[in-house]
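Student: One structure follows; several queries about it will come next.
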Amino acid sequence: MATAGDGEERAISAMADAALAFRVVRHGRVASLAEAAVARGVDVQDVVKTLVVRRGDDDYLFVLVPGDRTISWPKLRTMLAVSRLSMPDADAALAATGYERGTITPFGSTNAWPVIADALIPGAGTVSIGGGAHGVAYTVDADALIAALGATVADVTDQDPGLR
């Protein structure tokens, strides 16, 4: 079984296998999204959060969310035609992805869950996505990221009220 310690290597290998051009940014642990954006050299909205969402028993998906946005549960449920979704606890997220919370990325996940990218990510230019380990991120072109992941693009977020 994969361990959290090999997360960075798995993510880098998966990104390289996808022939995705990226730059590794190692910045150590950060206390907030704003701090992460500064450390990564991008604006808050260009930090792409990878959230793992539970649809049912052993059924998850990744949702890519711009840093200044939050999942709109009604929009996501409508898009997926389901009545219930939830965020798994830390142990379930680790079991589903092989990554600890705060390090989750679709790249190198121990399960190839479907990926949904918010509609604001395409065309965003350079974005930063988590890198499988605390304090590690990858800077990449947003459109190339979406293509490499085969992500479904949909309007699934709202402005984060805490960042207005």
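The values are calculated or read from the model by the stated rules, or taken from the named source; none is laboratory data. Here the structure is a predicted model, which is why all the values come from computation and not from measurement. With ideal geometry, Cβ positions are generated from the backbone for all residues, glycine too; neighbour counts draw on all protein chains shown.
Student: Run down R84, R29 and say which single residue is more than 21 Å from A148 (Cβ to Cβ), touching a His at 6+ places or on another chain (Cβ under 6 Å) and of a type in the set (K, R).
Tutor: R29
Student: Moving to a separate point now. Restricting to segment 65-77, name every residue that is under 13 Å from I116 (Cα atoms) and either touching a helix residue (DSSP H, G or I) at 6+ places or on another chain (Cβ under 7 Å) or hydroxyl-bearing (S, T, Y) (or both).
Tutor: Result: P66, S72.
Student: Related question: Could you check A34 against (1) at pLDDT below 95; (2) of a type in the set (A, V, I, L, M); (3) within 26 Å of P122 (Cβ to Cβ); (4) out of contact with any helix residue (DSSP H, G or I) (no Cβ under 7 Å at 6 or more places or on another chain) and say which number it fails?
Tutor: Only one criterion is unmet by A34, namely (4).
Student: Residues that are in contact (Cβ under 8 Å) with a residue 24 or more places away in the chain and over 18 Å from A19 (Cα atoms): which helices (runs of 4 or more DSSP H) entirely in segment 62-150 hold 3 or more of them?
Tutor: 73-80, 90-97
Student: Answer with yes or no whether A31 is without any contact (Cβ under 8 Å) to a residue 60 or more places away in the chain, outside any helix (DSSP H, G or I) and at negative phi.
Tutor: When the stated conditions are applied, A31 passes them.
Student: Counting only residues that are touching a strand residue (DSSP E or B) at 6+ places or on another chain (Cβ under 9 Å) and more than 19 Å from T157 (Cα to Cα), which one in segment 67-101 is surrounded by the most Cβ atoms within 10 Å (Cβ to Cβ)?
Tutor: Y99
Student: Give the number of residues within segment 147-164 that are buried (at least 21 other Cβ atoms within 10 Å of the Cβ), within 14 Å of K49 (Cα to Cα) and either modelled with pLDDT under 95 or aliphatic (A, V, I, L, M) (or both).
Tutor: Residues meeting the conditions: 1.
Student: Follow-up. Return the residue satisfying two criteria in turn: it lies in segment 36-58 and is more than 17 Å from the chain's Cα centre (by Cα) and part of a helix (DSSP H, G or I), and of such residues it is surrounded by the fewest Cβ atoms within 10 Å (Cβ to Cβ).
Tutor: Across segment 36-58, the extreme among qualifying residues is V38.
Student: Filter segment 104-138 for residues that are polar (S, T, N, Q) and either within 23 Å of D158 (Cα to Cα) or surrounded by fewer than 19 Cβ atoms within 10 Å (Cβ to Cβ) (or both) and give the result.
Tutor: Answer for segment 104-138, where residues must be polar (S, T, N, Q) and either within 23 Å of D158 (Cα to Cα) or surrounded by fewer than 19 Cβ atoms within 10 Å (Cβ to Cβ) (or both): T105, T110, N111, T126, S128.
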